[in-house]
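What follows is calculated from the coordinates using simple rules that are stated; it is not laboratory data. Computed from a predicted model, the values in this text were never measured in an experiment. Heads up, the Cβs are rebuilt from the backbone with ideal geometry, glycines too, and the neighbour counts pull from every protein chain shown.
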Amino acid sequence: MSDFDAELDATGLNCPLPILRAKKAISGLQGGQTLKIIATDPGSVKDFEAFCKQTGNELLSSGEEGGKFMFMIKKAA
Amino acid sequence: MNQRMPAPQRRDSILQAAQALFAEKGFHGVSIDEIAREVDVSPSILYRHFESKQQLYETILQQMSGKRESYVDTVVNSSTSFEDVLIGMTQVYIKSVAENPDMLRIELQSLLDGSSASSAFFKNRWKSFTDYIEFGLNERMAYDIPNREITIMAAGLMFQGMVREALIQKFLQPHDRLEDLSMDELSQELVALFLRAVGINKSHISRKAVIKS
């Protein structure tokens, strides 16, 4: 899925900065909109899974590309 | 000799014994023979599970990294104020060391061991705090402060030193000089002092921000 409404570059940042920034970015979106996140912290994979589970936002995809991790999160309606 | 343990259980018992030995004596102070004796197998059986002492040590670090403290709860459940998240993170970190003080011992041993795998591992754990502090202070500190960048970098170091020293006092020293102060109380007081030192005055830390174990 390559459609998103906002993008967050969290490369070089360790937990909790990627999820903290994601939390803030998502609060600026409308329900149903998608945030794309790029991160380099390997711990961010588990972190975003937990984050989505706890906040009710949907983790559309989670993958790795060229040493970076990409996440697509859809804000709950 | 106990030869009948199933392989995964055997592997776990080796990891457990090795972790305790590395914690006590450091990487160079422990031999494969010693670990093998500790779990009551021959070295050749140990080598079936792990290629080398180095690989065994790295597996222990990876296991620690898998159990790595997660700051997700702190971010999701607390207010996202700089102070509240910092306190929450600190408490999560302290709890993870309290549950496995060998982690702290291995960290201290690794500082002198000169192994690049372990130093990178522990540096990465502290990077969560130093990144967070540097970004937070960069946003919050007045721009006309002289030596602003140096102050921000020094603040990260100060925080790390303070927390690590408190952990050493509380978990590694048999007669704790601060035994009347619980780790919880101590950590709250230290973070409050830190915040005053960097000019983020919070005379009263919200009780709601404290995540009780």
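A few comments on the model shown:
- Linear extension gain, B:Asn77 paired with B:Ile200, 0.36 nm per residue minus alpha-carbon span: 42.1 nm
- Under a 5 Å amide H cut-off, with hydrogens placed 1.01 Å from N, A:Leu8 pairs with A:Lys36, A:Ile37, A:Ile38 among residues at least 5 apart or on other chains.
- Considering only alpha-carbon pairs that sit under 8 angstrom and 6 or more positions apart, the relative contact order computed for the range B:1-134 is 27 percent.
- Computed [θ] at 222 nm, deg cm²/dmol, chain A (DSSP H ≥ 4; -39,500 (n - 2.57); rounded to nearest 500): -9000 deg cm²/dmol
- J(HN,Hα) series, the range B:87-97, from Karplus relation 6.51 cos²θ - 1.76 cosθ + 1.60, nearest Hz, glycine and proline x: 5, x, 4, 4, 5, 5, 5, 4, 4, 5, 6
- Distance between modelled label sites at B:Asp180 and B:Ala117, nm, 7 Å Cα→Cβ extension: 4.6 nm
- Each of B:Arg48 and A:Ala76 was given a label point 7 Å from its Cα along the Cα-to-Cβ line. The distance between the two points is 5.0 nm.
- Between A:Gln33 and B:Asn147, the FRET efficiency estimated from the beta carbon spacing at R0 = 41 angstrom works out to 0.45.
- Greater than 19 Å apart at Cα, pairs in A:Lys23/A:Lys75; A:Lys46/A:Lys68; A:Lys36/B:Lys123; A:Lys24/A:Lys74; A:Lys24/A:Lys75; B:Lys95/B:Lys170: A:Lys36/B:Lys123
- Calculated from backbone phi, Karplus (6.51, -1.76, 1.60) coupling profile of the range B:116-124 in Hz, x at Gly/Pro: 6, 5, 6, 5, 5, 4, 6, 4, 5
- Debye log10 I(q)/I(0) for the range A:38-77, one point scatterer per Cα, at q = 0.18, 0.19, 0.27 Å⁻¹: -0.45, -0.49, -0.88
- Centroid-to-centroid separation of the range A:1-33 and the range B:1-50 [C-alpha atoms, Å]: 44 Å
- Each helix, a run of at least 4 DSSP H residues, gives -39500 (n - 2.57); summed and divided by the residues of chain B, these come to -22000 deg cm²/dmol at 222 nm.
- Taking other C-beta atoms within 10 angstrom as a stand-in for reagent exposure, B:His175, B:His49 fall in the order B:His175, B:His49, fewest first.
- Antiparallel DSSP beta bridges within the protein assembly as shown, as percent of all bridges there, nearest 5: 70 percent
- Neighbouring partner chain Cβ atoms per residue of A:17-24, average, 10 Å criterion: 5
- Near A:Leu60, the amide H atoms lying under 5 Å from its own belong to A:Met72, A:Ile73, A:Lys74; only residues 5 or more places off or on other chains count, and H is placed 1.01 Å from N.
- Working from the Cα coordinates of the protein assembly as shown, the gyration tensor eigenvalues give, after taking √(5λ), semi-axes of 36, 27, 17 Å in decreasing order.
- Zone of A:Lys68's modelled label, taken as backbone nitrogen in the range A:10-42 under 13 Å from a point 7 Å along Cα→Cβ: A:10-13, A:36-41
- Each Lys or Arg adds one and each Asp or Glu takes one away; over the other residues whose Cβ falls under 11 Å from the Cβ of B:Arg10, this sums to +1.
- Modelled spin-label separation between B:Asp12 and A:Lys53, with each label point placed 7 Å from Cα along the Cα-to-Cβ direction: 2.0 nm.
- Measuring r between the beta carbons of B:Leu172 and A:Ser61 and using R0 = 51 Å, the FRET efficiency lands at 0.70.
- Couplings for the range B:164-174, taken from phi via the Karplus curve 6.51 cos²θ - 1.76 cosθ + 1.60 with θ = phi - 60°, read 5, 5, 4, 5, 4, 4, 7, 10, 10, 9, x Hz in order; Gly and Pro are left as x.
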